[in-house]
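For reference, the structure discussed in these notes is given below.
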Amino acid sequence: QAKAAGRNAVRFFEPEMQARAEMRFTLETELRQAIDQNELRLYVQPQFDAERRMRGAEVLLRWHHPRRGLIPPASFIPIAEETGLIVELGDWVLHQACRLLTSPQMAGLPLRLSVNVSPRQFHRTGFVGRVRDILADTGADPERLTFEVTENLVIDKVHQTVATMSELNALGIRFSIDDFGTGYSSLSYLKRLPIDELKIDRSFVRDAPSDPNDAALVDAILSIAALLHIDVVAEGVETEEQAAFLAARAPMLYQGYLYARPEPVEAFLARLGGIPAAGCPSNGGDGPAL
Ligand code: C2E
Ligand code: MG
Ligand code: MG
Ligand code: MG
């Protein structure tokens, strides 16, 4: 029934689109079972201060697929977001993160954990209640939790965002704007929302030492943060040049391959065994796997 003019185009794209749709459907089906089948894992990437002391870490999800191998979040978080599976998945991640915070190896250490929260998860009715439940369940200290959200999460539903963030902030949870500078929002939300931290996007960090435009953007972000008394984390720091460029400008935390790659929880806990922490016995990361 296709018109002659469009037929070739349809024929040309059909198999590829079909294959992509099938793959997406397969992944969606498999993702529904992934939690129950214990295929999802938390990875953790430490964050350091200028003296290279660890201050916290970001939790990053991985899918260990029995046949497809390690699947990065970019390949399945969007599917989870579109299908609504992100709600269950996000609850699971937060629960695991809270368990990690209260694990014997981490409980006594002055370290924070950052958890990525996606728009659908955040805006879903009952989010605050579920966070409360998870905190109560695990006994985790909300003041050691940071939620990373993107600018795009904020712009859609500003009133709802203010309300939800304020409630969670009142519990003690901090908020960080992830990939700061890459979204579509105006800056006005920064004064309306309880934002505690900005994460300088990796793209600015990468080119700042060599590209004057990126350097100017980094300076602008640092000025905003300083004026509003907001903490800064630089993400994707890969080279000494980048670290030196940033360190010369303002105090901040550093996250990136130069310091540590995202690692399985077990490796992270083993790393904590080497941290001298006053009055806090550490068992060297041999605790139960999460
Ligand atoms: P993000 O939150 O901006 O996380 C930072 C990403 O940069 C991570 O990719 C991390 O592995 C990567 N990275 C860290 N240091 C470096 C570096 O020095 N160089 C380079 N090239 N990359 C670096 P990853 O783990 O693949 O995660 C991608 C995105 O998936 C995250 O971006 C986040 O938006 C999303 N994501 C991951 N875990 C979760 C989760 O549990 N929930 C939700 N909603 N989203 C998640
Ligand atoms: Mg993040
Ligand atoms: Mg980024
Ligand atoms: Mg980021």
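Could you provide, to the nearest whole Å², the per residue accessible area of the chain with probe 1.4 Å? Walk me through the numbers on the way to the answer.
On the way: 14660 Å² over 290 residues.
Ligands and nucleic acids excluded, the result is 51 Å² per residue.
Give me the compactness ratio for the stretch 122-204, meaning the Cα radius of gyration over 2.2 N^0.38 Å.
1.11
Which of Asp36, Asp178, Asp137 moves most in a GNM of the chain, Cα contacts under 10 Å?
Of Asp36, Asp178, Asp137, the Gaussian network model singles out Asp36 as fluctuating most.
If you take the alpha carbon radius of gyration of the chain and divide it by 2.2 N^0.38 Å, what ratio comes out, to two decimals?
Compared with the compact-globule rule of thumb, the chain sits at 1.09.
Rounded to the nearest 0.05, what FRET efficiency do Ala244 and Ser203 give with R0 = 22 Å and r taken as the Cβ-Cβ distance? Could you check?
Result of the calculation: an efficiency of 0.75.
Taking only C-alpha pairs under 8 Å that are 6+ residues apart, what is the relative contact order of the stretch 197-262 in percent?
Relative contact order, the stretch 197-262: 36 percent.
Simple spin-label model, 7 Å along Cα-to-Cβ: His159 to Glu82 in nm?
Between His159 and Glu82, the simple spin-label model gives 3.1 nm.
In the chain, what percent of the accessible surface is made up of carbon and sulfur (1.4 Å probe, ligands and nucleic acids excluded)?
Carbon and sulfur atoms account for 53 percent of the accessible area of the chain.
Helix-only mean residue ellipticity at 222 nm, the chain, DSSP H runs n ≥ 4 weighted -39,500 (n - 2.57), per residue, nearest 500. What is it?
Values: 13 runs with 141 residues, N = 290.
Value at 222 nm, helices only: -14500 deg cm²/dmol.
If the viscosity is 1.306 mPa s and the temperature 10 °C, what translational diffusion coefficient in µm²/s does Stokes-Einstein give for the stretch 87-151 when Rh comes from Kirkwood over Cα pairs?
Stokes-Einstein gives a translational diffusion coefficient of 131 µm²/s.
For the chain, modelled as a GNM with alpha-carbon contacts under 10 angstrom, which of Gln18, Gln242, Gln45 fluctuates the most?
Gln18
Magnitude of the Cβ-charge dipole of the chain, K/R +1 and D/E -1, about the Cα centre, nearest 20 debye? Before the final figure, lay out each step's value.
Numbers: 30 positive and 39 negative charges, 101 e Å.
Magnitude of the dipole: close to 480 debye.
The values are calculated or read from the model by the stated rules, or taken from the named source; none is laboratory data. All values reported here derive from a predicted model rather than from experimental measurement. Every residue, glycine as well, gets a Cβ built from its backbone with ideal geometry; the counts of neighbours run over all protein chains shown. When the accessible area is computed, the model is the full protein with side chains, heavy atoms only, and any ligands, DNA or RNA have been set aside. Shrake-Rupley method; radii C 1.70, N 1.55, O 1.52, S 1.80 Å.
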